[in-house]
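First the structure, in the form of structure tokens, and then the observations on it.
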Amino acid sequence: MAEVEERLEQAVTGADELVDGPLRHLAAAGGKRLRPALTLLTAELGQPVRDEVTRAAVAVELTHLATLYHDDVMDSAAMRRGAPSAHAVWDNSVAILTGDLLFARASQLVASLGAEAVRVHAETFERLCLGQLHETLGPREGEDPIAHYIQVLADKTGSLIAASARYGAVFSGAGDEVAAVLERYGEKVGVAFQLADDVIDLASDAETTGKTPGTDLREGVATMPVLLLRRRAAEGRLDAAGEAVLARLGSDLASDSALRAAVEELRGHEVLEEARELARQWARDAVAELVPLPAGPVREALTEFAGLMVDRLA
């Protein structure tokens with residue numbers, strides 16, 4: 001990871017003096033580095049000390065960073081990783097173009113890994129875009145909103161985590177069958193991670209998460225707790241507290257006080273725990289995908305990794 005961090009630093013500098021500030025902004029703010037860590041971990045199933053593994057790990061983190069610049073513009077998010085978001089420091093155009101520049105640098109690294117890596121990267125990039133588009137456009141008439149949302153999470157979050165897991169296996173020489181197992185595992189871990197994030201976004205404060213709680217609520221994006229409330233309402237089994245929450249969510253949440261009130265009411269409803277349990281079930285399903293792998297420390301670490309994705313504070 002120290003080598004990944006050093007190369008990541010190199011990748012987000014050296015454009016020019018004017019551009020280096022926004023380019024380094026989110027990388028310098030820190031982050032969990034989950035995706036490169038997963039690439040390095042899955043590489044332990046083959047020959048992990050290969051330069052290709054390190055390059056792949058840096059590429060997936062650069063891709064992830066690029067999506068954050070774009071997400072913050074779309075969500076009008078004021079904070080990211082405990083710091084002002086890039087569009088708040090500069091403006092929307094600078095943030096979007098910086099994200100594009102990071103995508104370009106990730107693509108250069110992936111191109112050095114060969115045609116198969118380029119294909120995986122391109123397919124992942126397509127899914128990232130499709131996931132964001134489907135989230136923006138919403139479900140089609142007659143489509144189950146929860147199933148639609150799960151697919152959005154699989155595309156927006158699961159696809160890149162799946163690629164991260166796959167790259168580790170491929171570039172360590174662990175083989176195509178192992179890579180396929182890890183790709184399925186990674187996608188489900190990604191869904192579990194994002195479902196847990198939905199809960200954390202409501203249950204934690206800005207100091208813990210580095211983000212403003214309830215940003216999605218303000219932007220009208222229905223995360224899993226809200227979707228579970230709506231399903232109960234559609235089925236005629238929503239309690240009075242839940243009806244009050246839905247009424248609040250339908251009001252103007254532009255002010256900070258209104259948003260805080262909505263977050264507090266949603267925190268107090270049992271759908272929050274229902275969403276948390278759903279995240280844990282996706283993590284269990286991810287672990288079940290690991291059965292074909294040989295027993296040992298790597299499989300154990302992957303099992304723990306899945307658990308950490310849902311049982312965390314931020």
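The values are calculated or read from the model by the stated rules, or taken from the named source; none is laboratory data. These numbers were taken from a predicted model, which means no experiment stands behind them. Every residue, glycine among them, receives a Cβ derived from its backbone with ideal geometry; neighbour counts consider all protein chains shown. Each accessible area value is taken on the protein alone, full model and side chains, heavy atoms only, with ligands, DNA and RNA left out. Shrake-Rupley method; radii C 1.70, N 1.55, O 1.52, S 1.80 Å.
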Sites removed, the longest contiguous part of the chain containing no DSSP-loop GluC sites (Glu not before Pro) with at most 10 other Cβ within 10 Å is 1-140
The ³J(HN,Hα) series, computed from each phi in the stretch 35-43 with the Karplus coefficients 6.51, -1.76 and 1.60 at θ = phi - 60°, rounded to the nearest Hz and given as x for glycine or proline, is 5, x, 4, 5, 4, 5, 5, 5, 5
Amide H contacts under 5 Å for Ala83, restricted to residues at least 5 apart in sequence or on another chain and with H modeled in the peptide plane, are none
In terms of the alpha carbon gyration tensor, root eigenvalues a ≥ b ≥ c, rounded if a/c is under 1.5 and otherwise prolate when a/b exceeds b/c or oblate, the stretch 130-273 is prolate
Toy charge model, Lys and Arg Cβ at +1, Asp and Glu Cβ at -1: the chain dipole around Cα centroid in debye, rounded to 20, equals 280 debye
Mean accessible area per residue over the chain (1.4 angstrom probe, all protein chains present, square angstrom) is 45 Å²
Karplus ³J(HN,Hα) for the stretch 155-171 (6.51 cos²θ - 1.76 cosθ + 1.60, θ = phi - 60°; Hz, whole; x = Gly/Pro) runs 7, 6, 10, x, 5, 6, 5, 4, 5, 4, 5, 5, 4, x, 5, 5, 8
For the chain, longest principal axis from Cα atoms; helix 256-267 axis from its Cα atoms; angle between them, nearest 10 degrees, is 90 degrees
With every protein chain in place, the accessible area of Thr212 for a 1.4 Å probe, in Å² rounded to the nearest 10, comes to 40 Å²
Of every hundred units of 1.4 Å-probe accessible area on the chain, the number belonging to carbon and sulfur atoms, as a percent, is 54 percent
HN-Hα couplings for the stretch 289-294 via Karplus (6.51, -1.76, 1.60; θ = phi - 60°), in whole Hz with x for Gly/Pro, come out as 5, 7, 3, x, 6, x
Comparing Ala254, Ala66, Ala279 in a Gaussian network model of the chain (Cα, 10 Å), the one with the largest mean-square fluctuation is Ala254
Summing -39500 (n - 2.57) over every DSSP H run of at least 4 residues in the chain and dividing by its residue count gives a helix-only mean residue ellipticity at 222 nm, to the nearest 500 deg cm²/dmol, of -23000 deg cm²/dmol
In terms of the alpha carbon gyration tensor, root eigenvalues a ≥ b ≥ c, rounded if a/c is under 1.5 and otherwise prolate when a/b exceeds b/c or oblate, the chain is oblate
So, relative contact order of the chain in percent, Cα under 8 Å, 6 or more apart, is 19 percent
Helix 115-137 sits off the longest principal axis of the Cα atoms of the chain, rounded to the nearest 10 on a 0 to 90 degree scale, by 10 degrees
Computed on Cα atoms, the radius of gyration and Dmax of the stretch 1-146 in angstrom are 16.3, 52
The helix 92-111 Cα axis meets the longest alpha-carbon principal axis of the chain at an angle in degrees, between 0 and 90 and rounded to 10, of 40 degrees
